[in-house]
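**Student:** What follows is a structure written as structure tokens; I'll ask about it next.
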Amino acid sequence: MNKIEGSRCDLDQDMKIQFIAMMLAVSVLGAGCAKNELETLPTPSISPSMAQTAPSVAASTSSTVSVSTHATNTITLPLSDALSRVTKKSFGLYVTPQHSPVSPERFKGYHVGTDFETTADEKDAVVSVQAICDGALAMKKRATGYGGVAVQRCKINGGEVTVIYGHLKLTSVTASVGHVFRAGDALGVLGKGFSTETDGERKHLHLGIHRGKAISILGYVQSKAALSAWIDPMSVLR
Ligand SMILES: [Zn+2]
């Protein structure tokens, strides 16, 4: 396990895999690791075969990024164009019925996931939801606040997590509990907006990542500190 912290970006050119991992980390670091310093490093030549075997990298919410030289689970997007979709509720956003980007709002607290909005064109269309990681379906049910919700067990950054997919059309989740999805596999489709399929919510995906093995389908927590039990999905989706 190599760690890149702050401006510590030591480079050992003889250790190619570490080098590649570090360069990958650069791409996810944003303002984290001293960018100017890294930009002065020589550009690595990565052959296609090396690139394919390079370890996947996932950023944490802090400025510290852990990079594994061992193969880790691939993380893929839950919806087509997920990264260019509007997010009305981002991770950690505090909402109340009086102050919320959506109206009406019936919830209060810090949002523990990321919402991915649909477009007007998708109002009556089938919008497929894909598993974001390799792992077994742990639960699927109808729940207040979600309509259909599915929970998948995965490993992210080497740690056990459960992934919560909210506002699904429950009958579209045909896999049985225990079925092992691969990242990118079809998991179900979004529920129809403002129907029982979404428990009255707009048509969108709520994606939550809860640390550990315990299943929690909370959409909000009531203290900022409690957010630490959750991972910001946008820090791992690339
Ligand atoms: Zn949400």
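**Student:** Provide the gained length on full extension for the span Arg211 to Arg106, in nm with one decimal, where the gain is 0.36 nm per separating residue minus the Cα-Cα distance.
**Tutor:** Fully extending the segment from Arg211 to Arg106 adds 35.2 nm.
**Student:** For the stretch 160-231, what is the accessible area per residue in Å², given a 1.4 Å probe and the full set of protein chains?
**Tutor:** The answer is 43 Å² per residue.
**Student:** For the stretch 87-238, build the convex hull from the C-alpha positions and give me its volume per residue in Å³.
**Tutor:** Convex hull volume per residue, Cα atoms: 104 Å³.
**Student:** Sticking with this structure for a sec: With only alpha-carbon atoms in the gyration tensor, what are the semi-axes of the equivalent ellipsoid for the stretch 89-170, in Å, largest first?
**Tutor:** Equivalent-ellipsoid dimensions as semi-axes: 23, 18, 13 Å.
**Student:** To continue, here is another question. Of the listed pairs Lys140/Lys203; Lys155/Lys213; Lys88/Lys203; Lys108/Lys213; Lys88/Lys141; Lys169/Lys203, which have alpha-carbon separations greater than 20 Å here?
**Tutor:** From Lys140/Lys203; Lys155/Lys213; Lys88/Lys203; Lys108/Lys213; Lys88/Lys141; Lys169/Lys203, over 20 Å: Lys108/Lys213; Lys88/Lys141.
The values are calculated or read from the model by the stated rules, or taken from the named source; none is laboratory data. Quantities reported herein were computed from a predicted structural model and do not represent experimental measurements. Just so you know, the surface numbers come from the protein's heavy atoms only, side chains and all, with ligands and any DNA or RNA stripped out. Shrake-Rupley method; radii C 1.70, N 1.55, O 1.52, S 1.80 Å.
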